[in-house]
Amino acid sequence: MAHVKLNPAGLAAKHEMNERLMSYNVEMTEVTGGTFWKAYTPGQIAGTEKFPPIASLSEMAGLMQWYDPIDTANPRLVRLAKEFGPAWMRVSGTWATKTYYDFDGTGTAPEGYQNRLTREQWVSILRFADAIGAKILISVANCQGLHSADEPWNPSQAEKIFALSRECGHPIDAVEFTNEPNMMEGTGFPQGYTPAHFRRDQDLFHRWVREHYPDTLIVGPCSTDGNVLQMGPGSRGGAGIADIMPCCSTDDLVEGCTEKLDVFSYHYYNGCSERLESVMPAAHWQPEDASTEAYLAVAGNAARAFAPFRDKYVPGGEMWVTESGDAGGGGDTWASTYLDVLRTLNELGDFSSVTNGVIFHNTLASSDYGFLQHGTFAPRPNYFAVLLWQRLMGKTVYATGEEIREGAHVYAHSRKDGRDGAVYLIINNSAGETTVELPTDAVRYTLTGRDGLRSRVMCLNGRDLVLGEDDALPNLDGAAQKAGILSLSPYSCTFLVV
């Protein structure tokens, strides 16, 4: 049993966080319509049905399904996204690297592109961002349809989306050149593309942005460097995408570039999902490991491992995780359940203890790791968990004096309401109770799974968190907690406002 002694008067400020720390992705395939990860069955989500393995990456197409464009005017989607408050919305993904901007309505994408984005679709995204108060981060086309590997990148496509956005009153706020460039041709680049080609074209793009759209933040390199990020338990050797396809390093993408970045970015996942377990077994965590110290440490370890690259290429700058979630490959079978809440809240707390920046959860409303269920936009446990973070946790990060250990992952921030005091987040990731010495009265918000760890409904102080009539949010008020000894139940997450 872990024991925690809180000392609000002794908290020492570490640094300030970006107010848009908690942000999210809307994949380009959601905007245009296209293929994305096939949804798990109810049995797979409950853990009673195994996911059928694939023999090789050549069978990946069978893991996908077609999705129509997302309805960004849906009242439930708009309302629930707006509840988060200020956030970044990233419209990118591998799909974006091969997207043709058909803003003239030709109805087709030229050879070398995979899909097309219409004027109406992009305007709907801009209107959605305005309605919910989001800033927009994008990546642009860089594929065989735009140029060959030997030909320099050109702005003929990028200019379309930048110009239309400015015309509609919402200029592009930030940009990454491309999504996950480490994989080179695997991410959609022209045939024969090399790191040298990428560095050439990234400089060309960044120079063009600074000349024509100087208010746009330059973010990059959007790294998925397997040498830095060791996904999964790795007990059988190897632990990432680099084990099954050619990849390059973060230094390969940035070293020698003349145009400097404003923000350093990388992608983090704890491992690969069940969909890819059979081809990347060392990168997959089993569900019984999803509350362990090793599993919960991955996000913070990734931040600490990438921080030296940020210091090297963007000294003094922020670090953004422009894709994040429990597992690459659309999320694990438990990503839509309470079990993933422990990882999500721990990531926010641990990342904040390391650096200032932004985390883009993948995704807002698609696949099994989305905050909202695709199509219905019904909120999942992670939605309410991060909504509470947004409402309670302020910008100032404090050193708690408590070592992170099983049953006691303790983080502290200033109060979001601006009042004196602090907000603690205590994650009990153990099978036993955790006791807390509370020196002063507080307001308590304890999150648990209604039907266990793989519950699809989360409770706040014992109350189910589900939408009410006319999509009314449930009661998110805390409970009065007297000073003294407080017991936190196994596998619970508790916010204490003091």
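The values are calculated or read from the model by the stated rules, or taken from the named source; none is laboratory data. In this text, all values refer to a predicted model and were calculated from it rather than measured experimentally. FYI the Cβ positions are ideal-geometry reconstructions off the backbone, even for glycines, and counts take in every protein chain you see.
So, in the stretch 282-294, how many residues would count as being under 18 Å from residue 432 (Cβ atoms) and in contact with a Leu (Cβ under 9 Å, 6 or more places away or on another chain)?
Number of matching residues: 2.
Got a sec? Which of 432, 375 is under 24 Å from the mean Cα position of the chain (by Cα) and not hydroxyl-bearing (Ser, Thr, Tyr)?
Values: 432 fails: under 24 Å from the mean Cα position of the chain (by Cα).
Within the list 432, 375, the selection yields 375.
Conditions: (1) surrounded by fewer than 23 Cβ atoms within 10 Å (Cβ to Cβ); (2) at pLDDT 95 or above; (3) more than 22 Å from residue 491 (Cβ to Cβ). Residue 266 meets all but one. Number of the miss?
(1)
Assess whether residue 431 counts as being small (Gly, Ala, Ser) and in a strand (DSSP E or B).
Working: small (Gly, Ala, Ser): yes; in a strand (DSSP E or B): no.
In short, no.
Listed residues 161, 125, 172, 136; which is assigned by TED's automatic domain parsing to the domain that holds residue 313, assigned to a loop (DSSP other than H, G, I, E, B) and under 25 Å from the mean Cα position of the chain (by Cα)?
Details: 161 fails: assigned to a loop (DSSP other than H, G, I, E, B); 125 fails: assigned to a loop (DSSP other than H, G, I, E, B); 136 fails: assigned to a loop (DSSP other than H, G, I, E, B).
Only one candidate qualifies: 172.
Does residue 314 meet the test of being of a type in the set (A, V, I, L, M) and in contact with a Phe, Trp or Tyr (Cβ under 6 Å, 6 or more places away or on another chain)?
Answer is yes for this residue.
Filter the stretch 161-187 down to the residues that are touching a Leu at 6+ places or on another chain (Cβ under 9 Å) and of a type outside the set (A, V, I, L, M) and list them by number.
Of all residues in the stretch 161-187, those touching a Leu at 6+ places or on another chain (Cβ under 9 Å) come to 161, 164-165, 168-170, 172-176, 181-182.
Once the filter is applied, which keeps residues that are touching a Leu at 6+ places or on another chain (Cβ under 9 Å) and of a type outside the set (A, V, I, L, M), the stretch 161-187 yields 165, 168, 169, 170, 173, 176, 181, 182.
Looking at the stretch 441-472, which of its residues are part of a loop (DSSP other than H, G, I, E, B) and farther than 14 Å from residue 381 by Cβ? Give the steps one after another, and end with the answer.
Going through the stretch 441-472, the residues part of a loop (DSSP other than H, G, I, E, B) turn out to be 441, 450-457, 461-462, 465-468, 472.
441, 461, 462, 468, 472 - these are the residues of the stretch 441-472 that are part of a loop (DSSP other than H, G, I, E, B) and farther than 14 Å from residue 381 by Cβ.
Is it true that residue 190 is touching a His at 6+ places or on another chain (Cβ under 7 Å) and either surrounded by fewer than 17 Cβ atoms within 10 Å (Cβ to Cβ) or more than 20 Å from residue 322 (Cα to Cα) (or both)? Can you show your working first?
Working: touching a His at 6+ places or on another chain (Cβ under 7 Å): yes; either surrounded by fewer than 17 Cβ atoms within 10 Å (Cβ to Cβ) or more than 20 Å from residue 322 (Cα to Cα) (or both): yes.
Yes; evaluated as a whole, the condition is true for this residue.
Yes/no per residue for (1) surrounded by 24 or more Cβ atoms within 10 Å (Cβ to Cβ); (2) in contact with a Ser or Thr (Cβ under 9 Å, 6 or more places away or on another chain); (3) within 16 Å of residue 9 (Cα to Cα); (4) not polar (S, T, N, Q):
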site	(1), (2), (3), (4)
395	no, yes, no, yes
399	no, yes, yes, yes
403	no, no, no, yes
407	no, yes, no, yes
416	no, no, no, yes
419	no, no, yes, yes
424	yes, yes, yes, yes
435	no, yes, no, no
438	no, no, yes, yes
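Considering only the stretch 380-421, state which residues are within 20 Å of residue 437 (Cβ to Cβ) and either free of Cβ contacts under 8 Å to residues at least 12 places away in the same chain or assigned to a loop (DSSP other than H, G, I, E, B) (or both).
If the condition is that a residue be within 20 Å of residue 437 (Cβ to Cβ) and either free of Cβ contacts under 8 Å to residues at least 12 places away in the same chain or assigned to a loop (DSSP other than H, G, I, E, B) (or both), then 400, 401, 402, 403, 404, 406, 407, 421 are the ones that fit.
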